[in-house]
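Asker: My questions all concern the structure below.
FYI, it's all coordinate maths here, none of it is from the lab. All figures in this text were calculated on a predicted structure; none of them were measured in a lab. So basically every Cβ, Gly included, is an ideal-geometry build from the backbone, and we count neighbours across all protein chains shown.
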């Protein structure tokens with residue numbers, strides 16, 4: 001089952017492996033896609049993961065330290081147990097001498113690897129951890145509502161809980177700086193919105209829950225786009241910092257350093273530290289909609305010279321994981337959502353929808369994206 005209703009002939013980039021499963025992708029005369037050209041023209045000239053970058057971020061690091069004087073912590077880091085958030089924690093503590101408070105949201109889907117990785121970093125680096133546990137009955141109801149809505153972005157409830165929990169906590173506790181693992185090295189090619197819509201769109205989240213949910217969301221963490229982008233930034237003074245864009249960050253080397261120093265546990269692919277996300281990205285999304293997020297992930301690594309195109313083509317030709325694990329995860333997800341395997345399969349075979357089929361704030365979000373791009377803040381393509 002796929003979502004490929006377009007009659008557009010199939011095409012794949014001659015430089016990376018993004019293809020026409022992104023319906024808006026364009027190619028130049030050489031066969032290079034707009035992601036590759038954007039990387040060359042808009043990202044590379046402004047990205048300095050070296051000594052230059054360290055000098056550029058140094059004044060901001062000093063401000064963070066000054067902000068933390070007299071406080072137990074000078075910044076907040078959202079940590080999942082994945083590579084990006086784990087490595088930015090190491091960089092913050094050891095390279096920049098910061099005193100971060102790690103903030104973890106338990107939305108009910110953590111893998112054992114994720115739990116172990118967080119614990120290893122806390123113990124190995126001597127940092128503090130705050131964990132917020134999402135009300136599972138509300139989480140389950142909202143997650144099942146997204147399944148019933150038949151949209152690709154069934155990971156939105158989990159993602160929204162992560163970012164809203166983090167930003168609400170920062171604003172409430174007076175944190176001015178949130179450090180994230182967002183980076184160009186592994187994320188210079190972003191998934192198109194038809195694959196993965198904005199988890200920040202609270203209007204859509206509420207509309208889907210209103211139509212398909214059954215339980216009031218009383219404790220579930222929420223933050224709308226105005227609160228998140230404007231109120232917290234300009235009234236509360238909460239600023240997002242992306243340190244991994246200013247230092248050398250090679251994914252494989254970073255993982256090995258974490259493994260060697262802390263006994264950090266690897267996982268098969270980006271975002272697979274969440275058992276739900278592994279199921280969603282590795283099976284549900286490509287099987288039901290024809291979208292494989294690994295294309296964007298591998299293409300980022302191709303552009304940053306961490307993976308050859310031939311190797312990426314070989315990997316993308318293989319399924320994300322095997323039949324036995326898929327069957328186990330399918331049953332696990334159904335059981336967690338309190339539906340039968342047959343009910344979940346029936347949902348899977350329902351008519352595919354998109355974010356456009358429900359109320360959304362795409363007009364406002366799109367305007368904000370264009371403003372940030374014009375200001376040079378947003379350089380990766382998001383469409």
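Asker: Please report the relative contact order for the chain, taking Cα pairs under 8 Å with a sequence separation of at least 6, and give it as a percent rounded to a whole number.
Answerer: 25 percent
Asker: With springs connecting C-alpha atoms under 10 Å apart, model the chain as a Gaussian network and identify which of 14, 296, 219 has the largest mean-square fluctuation.
Answerer: The residue that fluctuates most here is 219.
Asker: Within 10 Å of each residue's Cβ, count the other Cβ atoms and sort 151, 226 from fewest upward.
Answerer: Sorted ascending by nearby Cβ count, the order is 226, 151.
Asker: Could I ask something else about it? What ranking do 104, 67 get, fewest neighbouring Cβ atoms within 10 angstrom at the top?
Answerer: 67, 104
Asker: Which shape class applies to the stretch 146-234: rounded if a/c is under 1.5, otherwise prolate when a/b exceeds b/c and oblate if not, where a ≥ b ≥ c are the square roots of the Cα gyration tensor eigenvalues?
Answerer: Oblate shape, in that a/c is at least 1.5 and b/c is the bigger or equal ratio.
Asker: Then there's this: For the stretch 82-123, with equal point scatterers placed on the C-alpha atoms only and solvent neglected, what are the log10 I(q)/I(0) values from the Debye formula at q = 0.13, 0.23 1/Å, to two decimals?
Answerer: Taking Cα atoms of the stretch 82-123 as identical point scatterers yields -0.28, -0.81.
Asker: Right, next: Considering the convex hull of the alpha carbon atoms of the stretch 199-329, report its projected area averaged over all viewing directions, in nm², one decimal.
Answerer: 12.2 nm²
Asker: What ranking do 113, 324 get, fewest neighbouring Cβ atoms within 10 angstrom at the top?
Answerer: On the way: 113 19, 324 8.
Going from least to most buried by this count: 324, 113.
Asker: When averaged across all projection directions, what area in nm² does the alpha-carbon convex hull of the stretch 1-93 cover?
Answerer: Value for the stretch 1-93: 10.1 nm².
Asker: Here is a follow-up. Given the -39500 (n - 2.57) contribution per DSSP H run of 4+ residues, what per-residue ellipticity at 222 nm results for the chain, rounded to the nearest 500 deg cm²/dmol?
Answerer: It comes out at -13000 deg cm²/dmol, rounded to the nearest 500.
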